[in-house]
Amino acid sequence: MSNILIIGNGGRENALAWKILQSENLGELFVAPGNAGTQGHNIDLDITNFPVISEFCKLHQITLVIIGPEVPLSEGITDFLTAEIESIKIFGPTKTGALLESSKIYSKNFMREFQIPTADFHVIQNQEELDNFFEKENLWGSEIVIKADGLASGKGVIIPDSEAEAKHLATSMLNGTLVGDSGKQLLIERKLEGYEVSALAFVDGVTFSRMPLVRDHKRLLENDLGPNTGGMGVIAPVYVPKSIDSQIDEVFRKTLEGLRKRGINYCGVLYAGFLVTSDDVANLLEFNCRFGDPETQILMRLLETDLLDAMHNCVARKLSQTEITWSNNFGCGVVLATRNYPKSGEIGTEVEYLPENTNSTVIFHAGTQISPSTKKLETSGGRIFCVTSITNTLNDARNIANSAADSIKFRGKQWRKDIGVKNKRNTLSYGASGVNIDEGNQFVEDIKSLVKKTLKPGAGQIGGFGAVLDLADSGFSNDSQLVVGIDGVGTKIEIATELNNFNQIGYDVVGMCVNDVICHCAKPLAFLDYYVCGELNRHQATEVLKSISSACIEAGCSLIGGETAEMPGVYGADQWDLAGCAIACREKSWPALPLSNEIREGDLILGIPSNGLHSNGFSLARKVLKVNNISYSDNVPWEENVKFGEILLRGTRLYVSDILEHLKNGIVKGCAHITGGGLVENATRVLKKSQQVTMEIDLSSWKLPELFNFLATSGPVETSEMIRTFNCGIGMVLVVGSEHLETVSKISDVMKIGKVTNWKGEQIKFRNMESFVDRSGFFVEKKEAGRKVRVAVLISGTGSNMRKLIERAEQTDSNCEVVLVVSNKPDALGLEIARSFNTATRVNPHTSDRISGDLKLVKILQDFGVELICLAGYMRILSGEFVKHFPSRIINIHPSLLPAFKGAHALQDALEFGVKVVGCTSHFVDELIDHGPIIYQKSIEVEESDNIETIRAKIQKAEHILFPNSMIEVAKRILNKEI
């Protein structure tokens, strides 16, 4: 039995103590100085006073000392204790071994000497060298990292935004302002781009044993923003390509070889932080010579071997004879810090609530104490707790940890909820950044015929650097005036994208512009669109332009051009936006609307109905649906067999042909398009701010369309908010003299909605607000919220469809999550890709009989609670016995239009048959091959220039859209209990 002393009082040391207490070979465990959550004996020792620690070890017959923090190691605690006590063993390197961490300059020179890949660097020892670097030697501009040479508690690394900031901060380090004496010498490195991963290993001086790779989150705020900290959270295991993993092994091998050549016997933990660049090189950023914090907390949860045995074998140089095993589960650790962290800690704030540990979740204290006066738990530092959760998927681990973190109560608590959320990697080069010039050029060719249909006399063609608009050819005189209007569609495009329906969206972008310009009594002549996306989807873009073309024809203007821009990195691959600009012209003889000075008491306010929401208020409308868990494919409750998506996507009404002639003849004094800001903000645009009249609108003069009643009731949304957000069924407002009512009444479906009155203290007033909304017609029964269908993907190869399934499941609007990827081949490349998404993987090899193998697969899937199975290139026929376990829960994607061509050679068979249309099919799987109810199909025309490879590429691209959409659709049916 061994008596053990752990030096340190943070979350790391508590995690080590928690694990050591599970050892059968433990005698007494002491932790110095410990904290309120210390497990074992909490001993109040000064860890900088080595003689006192030595006497304690002798008194309590300590056989093994474990050093947690870096400072005692850098000051030589291992050397001191081994010199004082002959029989004692220290798990931690000597002072010379600890130089790998305690001096950044020593460490970088070590890497250079032993040919370990790392960033280029410069050593700066004084102000003169610093000035010389920025004046003559800096080849990297602002793309640098500044590091203090000495220990700085995780705060000695700065990534500046500019060269000027870099020089200022480096000077502050040198003069001791930022990190004290730690910055008396500096290291300036070239900044590398890529993703970070940390590798820890047990080391006995001769060999090493790697731990699971981990990823620490240093930045204080979510989305990796804010200052660097000691660590706000961690996940493990992190999977990297095999080539990277081999490079990491090579770094440990070279490091141990270098240490031996320098005569250093290194025993303990060696921590290597890597940055993997786009050329797949694992560059070493830094060494730590001890367990990391908060990495240790998760690693101890995953460790299955007796930690005490592993440490004893390290100090005895028997590591090569030791098998150290780790759990296959995923872990997520979330750090809870005080409000001023990392600038300062906080002492004495009461911890009002702390939940009990469970099988999945253990909370490690990092900065706590018991109040001497109240005897209650309180804060005593910057990082207070590390909440660790372990389960079989990373998403579940994160959700459980976040839930536990949320329940902990103390004033000023801050924590990151995005620990382990997938990092988007940088593109390799501009050429690989996703901008497809050929696709863009082809798109222009595709839409030329659409544009040509809209062209009127006086308008030029698409394809040049601009367009010529000849006003004389358009029928206007020399002294005519131009009127320009510009607007966008807004978040309505999110619904169009989700429903893959773009046949009305063009009416929105055109309508928002032309309806504005006619309010100035101008005739729209030309329109230009701006379509921007992360990755050009030519089919989608063409559908959008078709609807713009149709709207331009209806509005009587020419579509003379526009801009189509791919902006990867600014927009996601499936994100896009749409805006437009209308150019109109008016003769000077036409009324210069609004005729504000002529508007007076007794004038009538007329309204022309809208088609629905038009293109405003969609953020609120979408929110109402979301809080009620209503899908766009759900039927509306006020009209049979009509879906919410259809109602919401109805295009903006174009008012040009309805009212322009009435505007030109001078009987209309003011015209207001009801857009963003609703009736409240738009109707009064016909008035001057100084005018002493009131537009009094009677809300009982028209029936509020049911869509608006529904939104108001289901939000709920106050009536005052409705009329300042939505058009509430009125798309255009006219102000006319009462004597012209009969003439204006000829406008289709125009109605009197109010009048201009004498001043009532405000320019617009609404009557009958209390009865405007009918809130009696709708009762929304909220569906179950939050639950997602658990999906498994079965693969045999590279998993290209699998990647798209995982990416779609990770989107915010997803109703499912991929919790598991299973392959029948252990070397399937798709397993590596799945791990890069932190998705759990399992291998279920072939068995001599299909049934036994399939039953093992059933058990694996049931262990993960799988509800839906997607076959993504799974090259094994599933037995009827397997299918029976998952009725209507298995879906497949097939590269043909079933049921015409089946089997592995379906595409080749189809082309040999001479078909002119091919495609892909998603379908449910039953006991027959390529059989089962069809979910979706996508057809693709075979062009003269196509061969089997180009067709295969087109089909695969279609599959990457169709299969994820099918997964979402089937998950929806499962959640709605339709299957």
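Filter region 220-245 for residues that are of a type in the set (S, T, N, Q), farther than 18 Å from His365 by Cα and touching a residue at least 40 places away in the same chain (Cβ under 8 Å) and give the result. Spell out how you get there, then give the answer.
Applying the first criterion (of a type in the set (S, T, N, Q)) to region 220-245 yields 223, 228-229, 243.
Those left that are additionally farther than 18 Å from His365 by Cα: 223, 228, 243.
Answer for region 220-245, where residues must be of a type in the set (S, T, N, Q), farther than 18 Å from His365 by Cα and touching a residue at least 40 places away in the same chain (Cβ under 8 Å): Asn223, Asn228.
Select from region 180-218 the residues that are part of a loop (DSSP other than H, G, I, E, B) and in contact with a Leu (Cβ under 9 Å, 6 or more places away or on another chain) and list them in ascending order. Spell out the reasoning first.
So the first thing to find is which residues in region 180-218 are part of a loop (DSSP other than H, G, I, E, B), and the list is 184-185, 191-193, 204-207, 211-213, 217-218.
Lys184, Gln185, Leu192, Glu193, Asp204, Gly205, Val206, Thr207, Met211, Pro212, Leu213 - these are the residues of region 180-218 that are part of a loop (DSSP other than H, G, I, E, B) and in contact with a Leu (Cβ under 9 Å, 6 or more places away or on another chain).
Please count how many residues of region 860-911 are within 27 Å of Ile951 (Cα to Cα) and assigned to a loop (DSSP other than H, G, I, E, B).
Number of matching residues: 17.
Looking at region 917-930 only, could you name the residues that are modelled with pLDDT of 85 or more, assigned to a loop (DSSP other than H, G, I, E, B) and not acidic (Asp, Glu)?
The first filter runs over region 917-930 and keeps only residues modelled with pLDDT of 85 or more, leaving 917-926.
Checking which are assigned to a loop (DSSP other than H, G, I, E, B) leaves us with 925-926.
Hit for region 917-930 is Val925, nothing else.
Here are the criteria: (1) modelled with pLDDT of 90 or more; (2) farther than 16 Å from Leu625 by Cα; (3) acidic (Asp, Glu). Tell me which single one Glu706 does not satisfy.
So the condition that Glu706 fails would be (2).
Answer yes if at least one residue in region 125-139 is surrounded by 14 or more Cβ atoms within 10 Å (Cβ to Cβ) and under 30 Å from Val214 (Cβ atoms), and no otherwise.
No, because not a single residue in region 125-139 is surrounded by 14 or more Cβ atoms within 10 Å (Cβ to Cβ) and under 30 Å from Val214 (Cβ atoms).
Any idea how many residues of region 219-256 are assigned to a loop (DSSP other than H, G, I, E, B) and closer than 18 Å to Gly331 by Cβ? Reasoning before the result, please.
Going through region 219-256, the residues assigned to a loop (DSSP other than H, G, I, E, B) turn out to be 222-224, 229-232, 237-241.
Now drop any that are not closer than 18 Å to Gly331 by Cβ, which leaves 231-232, 237-240.
Going through region 219-256 one residue at a time, the tally reaches 6.
Search region 925-939 for residues that are among the polar types (S, T, N, Q) and pair each with any residue that is assigned to a loop (DSSP other than H, G, I, E, B) and surrounded by fewer than 14 Cβ atoms within 10 Å (Cβ to Cβ) when their beta-carbon atoms are under 9 Å apart and the residues are at least 6 apart or on different chains.
Pairs that qualify, where the first residue is among the polar types (S, T, N, Q) and the partner is assigned to a loop (DSSP other than H, G, I, E, B) and surrounded by fewer than 14 Cβ atoms within 10 Å (Cβ to Cβ): there are none.
Could you tell me whether region 832-847 includes any residue that is touching a Phe, Trp or Tyr at 6+ places or on another chain (Cβ under 9 Å), touching a residue at least 12 places away in the same chain (Cβ under 8 Å) and farther than 30 Å from Arg398 by Cα?
no
Gly670 versus (1) crowded, with 18+ Cβ neighbours inside 10 Å; (2) assigned by TED's automatic domain parsing to the domain that holds Leu482; (3) not hydrophobic (A, V, I, L, M, F, W, C): which is the lone unmet condition?
(2)
Name the single residue that is surrounded by the most Cβ atoms within 10 Å (Cβ to Cβ) among those in region 1-54 being assigned to a helix (DSSP H, G or I) and among the aromatic types (Phe, Trp, Tyr).
Filtering region 1-54 for residues assigned to a helix (DSSP H, G or I) gives 11-20, 50-54.
Right, trim to among the aromatic types (Phe, Trp, Tyr) and you get 18, 50.
Values: Trp18: 21, Phe50: 18.
Only one residue tops the list, namely Trp18.
Among the strands (runs of 3 or more DSSP E) lying completely within region 690-758, list those that include at least 3 residues that are surrounded by fewer than 17 Cβ atoms within 10 Å (Cβ to Cβ).
On the way: elements: 693-698, 730-736, 751-758.
By residue number, 751-758.
Which members of region 120-174 meet the condition of being in contact with a Lys or Arg (Cβ under 6 Å, 6 or more places away or on another chain) and among the charged types (D, E, K, R)?
Asp120, Glu143, Lys147, Asp149
Report yes if Gln127 is touching a helix residue (DSSP H, G or I) at 6+ places or on another chain (Cβ under 8 Å) and farther than 20 Å from Glu286 by Cα, otherwise no. Break it down into steps so the answer makes sense when it comes.
Working: touching a helix residue (DSSP H, G or I) at 6+ places or on another chain (Cβ under 8 Å): yes; farther than 20 Å from Glu286 by Cα: yes.
When the stated conditions are applied, Gln127 passes them.
Provide a single number: the residues in region 933-952 that are out of contact with any Ser or Thr (no Cβ under 8 Å at 6 or more places or on another chain) and modelled with pLDDT of 90 or more.
1
Limited to region 54-75, what total is found for residues that are under 43 Å from the mean Cα position of the chain (by Cα) and either on the phi > 0 side of the Ramachandran plot or not hydroxyl-bearing (Ser, Thr, Tyr) (or both)? Let's see the steps before the verdict.
Step one: of region 54-75, the residues under 43 Å from the mean Cα position of the chain (by Cα) are 66-74.
Subsequent filtering for residues that are either on the phi > 0 side of the Ramachandran plot or not hydroxyl-bearing (Ser, Thr, Tyr) (or both) retains 66-73.
Count: 8.
Sort out which residues of region 337-390 are without any contact (Cβ under 8 Å) to a residue 24 or more places away in the chain and under 23 Å from Ala401 (Cβ atoms), and write them in order of number.
Across region 337-390, the qualifying residues are Glu356, Asn357, Thr358, Asn359.
Does Ala166 meet the test of being within 19 Å of Glu128 (Cβ to Cβ), in a helix (DSSP H, G or I) and touching a Ser or Thr at 6+ places or on another chain (Cβ under 7 Å)?
Criteria met by Ala166.
Conditions tested, residue by residue: (1) touching a Leu at 6+ places or on another chain (Cβ under 8 Å); (2) under 26 Å from Arg622 (Cα atoms); (3) at pLDDT 95 or above; (4) not assigned by TED's automatic domain parsing to the domain that holds Gly645.
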residue: Val484; (1), (2), (3), (4): no, no, no, yes
residue: Leu545; (1), (2), (3), (4): yes, yes, no, yes
residue: Ser550; (1), (2), (3), (4): no, no, no, yes
residue: Gly572; (1), (2), (3), (4): no, yes, no, yes
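Among all residue pairs at least 6 apart or on different chains, which show Cβ distances below 6 Å where the first residue, located in region 583-595, is touching a residue at least 24 places away in the same chain (Cβ under 8 Å) and farther than 17 Å from Ala472 by Cβ and the second is aliphatic (A, V, I, L, M) and buried (at least 22 other Cβ atoms within 10 Å of the Cβ)?
Going by the 6 Å Cβ cut-off, the qualifying pairs are Pro594/Val686.
With in contact (Cβ under 8 Å) with a residue 24 or more places away in the chain and surrounded by 18 or more Cβ atoms within 10 Å (Cβ to Cβ) as the only criterion, which of Leu855, Leu829, Leu861 stands out? If you could, list the steps in order and put the result at the bottom.
On the way: Leu855 fails: surrounded by 18 or more Cβ atoms within 10 Å (Cβ to Cβ); Leu829 fails: surrounded by 18 or more Cβ atoms within 10 Å (Cβ to Cβ).
Going through Leu855, Leu829, Leu861 in turn, the sole match is Leu861.
Kindly list the number of the only condition in (1) part of a helix (DSSP H, G or I); (2) surrounded by fewer than 21 Cβ atoms within 10 Å (Cβ to Cβ); (3) touching a Gly at 6+ places or on another chain (Cβ under 8 Å); (4) of a type in the set (S, T, N, Q) that fails for Asn501.
(1)
Answer yes if at least one residue in region 330-352 is charged (D, E, K, R), assigned to a loop (DSSP other than H, G, I, E, B) and closer than 30 Å to Asp280 by Cβ, and no otherwise. Before the answer, list the steps.
Just the residues of region 330-352 that are charged (D, E, K, R), to begin with: 339, 343, 346, 350, 352.
Those still in the list that are assigned to a loop (DSSP other than H, G, I, E, B) too: 339, 343.
In the following step, the residues that additionally are closer than 30 Å to Asp280 by Cβ were identified as none.
Within region 330-352, not a single residue is charged (D, E, K, R), assigned to a loop (DSSP other than H, G, I, E, B) and closer than 30 Å to Asp280 by Cβ.
Applying the selection to region 74-93, what residues are touching a Phe, Trp or Tyr at 6+ places or on another chain (Cβ under 9 Å), surrounded by fewer than 21 Cβ atoms within 10 Å (Cβ to Cβ) and either of a type outside the set (Phe, Trp, Tyr) or in contact (Cβ under 8 Å) with a residue 60 or more places away in the chain (or both)?
Glu75, Gly76, Glu84
The values are calculated or read from the model by the stated rules, or taken from the named source; none is laboratory data. Being a predicted model, the structure only gives us computed values, none of them experimental. Ideal geometry is used to build each Cβ from the backbone, glycine not excepted, and the neighbour counts take in all protein chains shown.
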